[in-house]
Amino acid sequence: MRPRHRNLWRRAAGVAVVATLAATVAAAPAHAGGGFYDTPASLPPNNGDIIRAEPFTFYLDPLKVIRAPGSAYRIMYRSTDRTGTPIAVTGSVLVPTTQWTGGGARPIVAYAVGTQGLGDQCAPSRQMAAGTEYEGVFISGLLARGYAVVVADYQGLGTEGEHTYMSREVTGRAVLDSIRAAQRLTLANLPADGPVAVTGYSQGGQAASAAAELAASYAPELRLKGVVAGAVPADLTRTAQNLDGSLYFAFLGYALAGLSASYDIDTAPYLNATGERVLADLKGQCTAESLLKYPFVRSSTLTEDGRPVTDHLGAEPFKSVLAEQVIGAHGRRPNVPTLVTHSMLDDVIPYDVGKAMAKRWCNSGAKVWFSANVAPTHVGGALDSYPESFAFLEARFAGLPALSNCWLL
């Protein structure tokens, strides 16, 4: 992509993200349960099995003027939670209207979305239908390249229970099972054993990374060709320190709520009345609303003992929980080529967190290409990374050899 065209693409994508985030605050209802998203009394026998599906229209703008270039199907499928208990997860399967002109079968890309919020109305499958999904322009970019795309809503985002934000294992499983579901969806008519890949940024980067580490043991039948993981919050202890008191304090609140839900931890003994109110409020909100409502909050003002939440995260029971979320720990690694991107000027997830993760993978024998950029802010890092991510996926599906620069780390 020529530099001038790349700059125009970034500018257009940035405008779309900001406009969609603003619209989400105004358009999202306080609660969005029932109907399609109700979990049935019994689940099918296998992970990735379809529970129900229906067509919908994927809009790229909240005015519902621009449609994504493809057919869209809302799905509910079986997955498993952190403990191995079967759960229902919803998502979206998107199929381009154009014929696949590349070699072999049409590829499927699992797009792991970044932070959406904790409210049921924040589920990507809901926001795509409303035209308020801020990553819609990037998902549309994959469709324009001829790839089928599947987007998991993750556990508890739209479906029953709380969203287990930042819970590594269940998130990775939900992504891998979404690929299985896309392959089994009769309406989509996608190949059952074709090439697949995973890509994601921020929370999506963690989800993509977790899926990469789990794929060989959890879903060995998938023909996984490569993984893209951008701005990965691979070490939550380090990331939490960066979030407390920042513009993005809400993400720290999300992590506290999501991990507490996943590990059944009662947060009440740690929070004062204000803290309990704020956490309850965050559980019903989407990202834009939370960022606007709770910027620069110091968590020490929310705890019973006046200590910051980060202090409590360094002690049990939270210490062990956060240790389990570290990407690349205990020799876990991808078995396929992986692109890791991170901006050196990221204001949400420290650059050294992503680089250290890539180094852990390299030390375990993974084939990693680590790509640093100097785009300002977390959002800027995403915009800068997408052209390279698209090129990486194209190369993997074309069967080109993957390079590694582990020797630089």
Which of the residues spanning the range 376-404 are buried (at least 18 other Cβ atoms within 10 Å of the Cβ), of a type in the set (G, A, S) and out of contact with any His (no Cβ under 7 Å at 6 or more places or on another chain)?
-> G380, A382, S385, S389
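One line per residue, one yes/no per condition, for (1) over 21 Å from the mean Cα position of the chain (by Cα); (2) closer than 30 Å to V137 by Cα; (3) outside any strand (DSSP E or B); (4) of a type in the set (S, T, N, Q):
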position	(1), (2), (3), (4)
E316	yes, no, yes, no
K355	no, yes, yes, no
A372	no, yes, no, no
H378	no, yes, yes, no
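With respect to R333, determine if the residue is within 30 Å of P220 (Cβ to Cβ) and either open to solvent by 40 Å² or more (accessible area, probe 1.4 Å) or part of a helix (DSSP H, G or I) (or both). If you could, list the steps in order and put the result at the bottom.
Working: within 30 Å of P220 (Cβ to Cβ): yes; either open to solvent by 40 Å² or more (accessible area, probe 1.4 Å) or part of a helix (DSSP H, G or I) (or both): yes.
So R333 fits the description; yes.
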Sole miss for G253 among (1) in contact (Cβ under 8 Å) with a residue 12 or more places away in the chain; (2) surrounded by fewer than 17 Cβ atoms within 10 Å (Cβ to Cβ); (3) within 25 Å of K293 (Cα to Cα) is condition (2)
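Could you grab me the full set of residues in the range 214-231 that are surrounded by fewer than 19 Cβ atoms within 10 Å (Cβ to Cβ) and either without any contact (Cβ under 8 Å) to a residue 40 or more places away in the chain or under 18 Å from the mean Cα position of the chain (by Cα) (or both)? Give the steps one after another, and end with the answer.
To start, the set of residues in the range 214-231 that are surrounded by fewer than 19 Cβ atoms within 10 Å (Cβ to Cβ) comprises 216-218, 220-221, 223.
Answer for the range 214-231, where residues must be surrounded by fewer than 19 Cβ atoms within 10 Å (Cβ to Cβ) and either without any contact (Cβ under 8 Å) to a residue 40 or more places away in the chain or under 18 Å from the mean Cα position of the chain (by Cα) (or both): S217, P220, E221, R223.
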Counted residues, the range 270-291 - those being open to solvent by 60 Å² or more (accessible area, probe 1.4 Å) and closer than 17 Å to Q127 by Cβ | 1
When residues of the range 35-76 are limited to those that are assigned to a loop (DSSP other than H, G, I, E, B) and of a type in the set (D, E), the one farthest from M128 (Cα to Cα) | D49
Looking at W407, is it surrounded by fewer than 21 Cβ atoms within 10 Å (Cβ to Cβ), more than 30 Å from L279 (Cβ to Cβ) and of a type in the set (F, W, Y)?
-> yes
Output the number of the condition that L345 fails; it satisfies all remaining conditions of (1) assigned to a loop (DSSP other than H, G, I, E, B); (2) crowded, with 18+ Cβ neighbours inside 10 Å.
-> (2)
Within the range 238-248, identify whether any single residue is within 15 Å of the chain's Cα centre (by Cα) and either on the phi > 0 side of the Ramachandran plot or crowded, with 24+ Cβ neighbours inside 10 Å (or both), and answer yes or no.
-> no
Taking into account only those residues within the range 46-105 that are surrounded by 14 or more Cβ atoms within 10 Å (Cβ to Cβ) and charged (D, E, K, R), which is farthest from G161 (Cα to Cα)?
-> R67
Of the numbered conditions (1) in contact with a helix residue (DSSP H, G or I) (Cβ under 6 Å, 6 or more places away or on another chain); (2) assigned to a helix (DSSP H, G or I), E169 fails exactly one; give the number of that condition.
-> (1)
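Being open to solvent by 10 Å² or more (accessible area, probe 1.4 Å) and outside any helix (DSSP H, G or I) is true for just one of L157, L190. Which residue is that? Quick ask: steps written out before the conclusion?
Details: L157 fails: open to solvent by 10 Å² or more (accessible area, probe 1.4 Å).
From the options L157, L190, the qualifying one is L190.
Filtering the range 254-272 down to residues that are part of a loop (DSSP other than H, G, I, E, B) and either at pLDDT below 95 or not acidic (D, E) (or both), which residue is farthest from G119 (Cα to Cα)?
Filtering first and then ranking leaves N272.
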Just one of (1) open to solvent by less than 10 Å² (accessible area, probe 1.4 Å); (2) in a loop (DSSP other than H, G, I, E, B) trips up V109, so point out which.
-> (2)
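Does G136 satisfy the condition of being touching a Pro at 6+ places or on another chain (Cβ under 8 Å), at pLDDT 95 or above and open to solvent by less than 20 Å² (accessible area, probe 1.4 Å)? Step through it out loud before you land on a result.
Numbers: touching a Pro at 6+ places or on another chain (Cβ under 8 Å): no; at pLDDT 95 or above: yes; open to solvent by less than 20 Å² (accessible area, probe 1.4 Å): yes.
So G136 does not fit the description; no.
The values are calculated or read from the model by the stated rules, or taken from the named source; none is laboratory data. Just so it is clear, the structure is predicted and the values come from calculations on it, not from any experiment. Positions of Cβ are generated from backbone atoms using ideal geometry, with glycine treated the same way; all protein chains shown enter the neighbour counts. Quick note on the areas: whole protein, heavy atoms, side chains included, nothing else; ligands and nucleic acids left out. Shrake-Rupley method; radii C 1.70, N 1.55, O 1.52, S 1.80 Å.
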